[in-house]
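Below is one structure, written out as structure tokens, with a few remarks after it.
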Amino acid sequence: MQNSRRLIFTLGLAVMLVAAPMMVFAEEETATPALYATGWAALPPLIAIALALITKEVYSSLFVGILTGAALYAGADFAGILNHALIDGVVASLSDSWNVGILVFLVVLGMMVALMNKSGGSQAFGNWASRRVKSRVAAQISSVVLGVLIFVDDYFNCLTVGSVMKPVTDRFNISRAKLAYIIDATAAPICIIAPISSWAAAVTGFVEGQNGFTIFLKAIPYNFYALFTLFFVVALITMKFDFATMAKYERNAVENGDLFTEKSAQAEQDEVAANENGVIWDLVFPVLVLIVCCVIGMIYTGGFFDGETFVNSFANSDASVGLALGSVVALVISVIYYIARRVLGFKECMACAPEGFQQMVSPILVLTFAWSLKNMTDSLGLADFVAGLVKGMPSGLMGLIPAVLFAVACVLAFASGTSWGTFGILIPIGLAITKASPEFMIPVISACMAGAVYGDHVSPISDTTIMASAGAACNHVSHVSTQLPYASVVAGIAFICYIIAGYTLNPVVPLIVGFALVLGVLFLLRKSSGAFVVSDEANKNI
């Protein structure tokens, strides 16, 4: 009965949300003149996010958001709504070469994960690690270390760390929600401060007329959200506690052995019969090959083999094409390796192709809807609306500009689900604002980057968030709801530090204050009544 009421409520709300814009535009031929670059542009993603959190069902929530955006754009024209939602939204998303490259990469990665599981490599690594990793703390820290080491790309990071560490964290009853948070906290935050990564390439591409790579290097100490997030997750693990929604999931995992609380469909697909003859190298070798091939693929697209330097080729790389090329080559090498080792036959390797694709169906569907929703907000001028707000700030508040841009980037990336899109919108604005005061340029650009990472980190429609859920085989809404309080605490501290940085124009004092605040807040939260503290006995003997 409760599920029926929830369904009726969702459908009724969807009808009202779609019908309301139609009434607004009953006398208009097109929605563009009336609503373009207004606050209405933020409505579709906000609706999608709210519905996802209320109903805990992401597909229909995203679809309602897409329909709302199409209705705001086309008005009372029913055919126009369908055309905009399907042709300009879904079809355009699946026709975009960048998006297709990412989808190819995900499918190939799913096939490789299936190969590693079927060969027994994942199980062998789990057995090996269980003999050496002696506590929940060590298992979680190992996940953090692996996430930091795989800094080339956040998609690759999420899925690889998840497939490698699930057997290890499962043995210590670490909830999949906690694993998803660790994966997400070491994906975008490490990529945004790693000079050799697809994110560095993206940021440098948005800085026109200057040496973008040099600016990126100077911005690293000011990237407070990323630095504090990495510190926060390590401190949280070593203090052996969790708070807010995550405490519920971790308590259930430790006390009842339930790793999921709310199980996802992908978790059931992960149950694959493993080969008992597998060894650790059946997992390590494909992962190493994948890393090497993806790096080569990225520098290839940047012109490295045409005489360009390594750094410049990485800065100029096409991450989508590079990851697709590298993953396909790595897949071929891995199949040859497994066949040569006689751990898998050719038919068994080929059987992993549909299995791997099936594992990626859920994240691919969510990604497609998320990209389509972004197309809706683009057509409604969300970027121009935000740009207008920022440019309207009084000139006398220059010291607050980094903090303000950080907050704007947080909201924009959260609503749009894209950090790279936020970079493209706000970094040029930041450069224009600081043209008369060059000393503010690095803090301002760093604030845009950091805010974009936070918004991307917590948005239910963010591709990185989706990938972290897929990597941990965690229910997506569970991951979003448990991660939001953690990320928001760090974002609040980063906001304070950007205020300090705006007046000191030096990263040292804000960093000291920020790290001290992280420890102080965690200490207070550990003492709170809602915290779940894992005892030393439970930590070692699960």
**OP:** For residues that are at pLDDT 80 or above and surrounded by fewer than 22 Cβ atoms within 10 Å (Cβ to Cβ), scanning just segment 384-403, find the one that is nearest to the chain's Cα centre (by Cα).
**Re:** L400
Subject >> Selection count, segment 238-257, where residues are more than 14 Å from A177 (Cα to Cα) and among the β-branched types (V, I, T) >> reply: 1
Original post:
Given the conditions (1) modelled with pLDDT under 80; (2) at positive phi; (3) among the small types (G, A, S), which single one is not true for G381?
Top reply: (1)
Subject >> Breaking point among (1) open to solvent by 10 Å² or more (accessible area, probe 1.4 Å); (2) touching a Phe, Trp or Tyr at 6+ places or on another chain (Cβ under 7 Å); (3) farther than 16 Å from V137 by Cα; (4) at pLDDT 85 or above, for Y225 >> reply: (1)
Subject >> Any hit, segment 419-429, residues being on the phi < 0 side of the Ramachandran plot, at pLDDT below 90, among the polar types (S, T, N, Q) and in contact with an Asp or Glu (Cβ under 9 Å, 6 or more places away or on another chain) >> reply: yes
Original post:
Would segment 432-442 turn up any residue that is surrounded by 24 or more Cβ atoms within 10 Å (Cβ to Cβ) and modelled with pLDDT under 90?
Top reply: no
**OP:** Would you mention how many residues in segment 58-72 are open to solvent by 60 Å² or more (accessible area, probe 1.4 Å) and modelled with pLDDT under 85?
**Re:** 1
Original post:
Does segment 313-336 hold any residues that are open to solvent by less than 70 Å² (accessible area, probe 1.4 Å) and either closer than 25 Å to L217 by Cα or among the hydroxyl-bearing types (S, T, Y) (or both), and which are they?
Top reply: S313, F314, A315, S317, D318, A319, S320, V321, G322, L323, S327, S334
**OP:** State the number of residues belonging to segment 161-215 that are modelled with pLDDT under 75, part of a helix (DSSP H, G or I) and either touching a His at 6+ places or on another chain (Cβ under 6 Å) or not small (G, A, S) (or both).
**Re:** 6
Original post:
Of all the residues that make up segment 73-82, how many are assigned to a helix (DSSP H, G or I) and open to solvent by 20 Å² or more (accessible area, probe 1.4 Å)?
Top reply: 4
Original post:
Do the conditions hold for G451, that is, is it out of contact with any helix residue (DSSP H, G or I) (no Cβ under 9 Å at 6 or more places or on another chain) and either more than 29 Å from M360 (Cβ to Cβ) or at pLDDT 85 or above (or both)?
Top reply: no
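The values are calculated or read from the model by the stated rules, or taken from the named source; none is laboratory data. Keep in mind the model is a prediction, meaning the values are calculated, not measured. Backbone-built Cβ (ideal geometry, glycine too); neighbour counts: all protein chains shown. When the accessible area is computed, the model is the full protein with side chains, heavy atoms only, and any ligands, DNA or RNA have been set aside. Shrake-Rupley method; radii C 1.70, N 1.55, O 1.52, S 1.80 Å.
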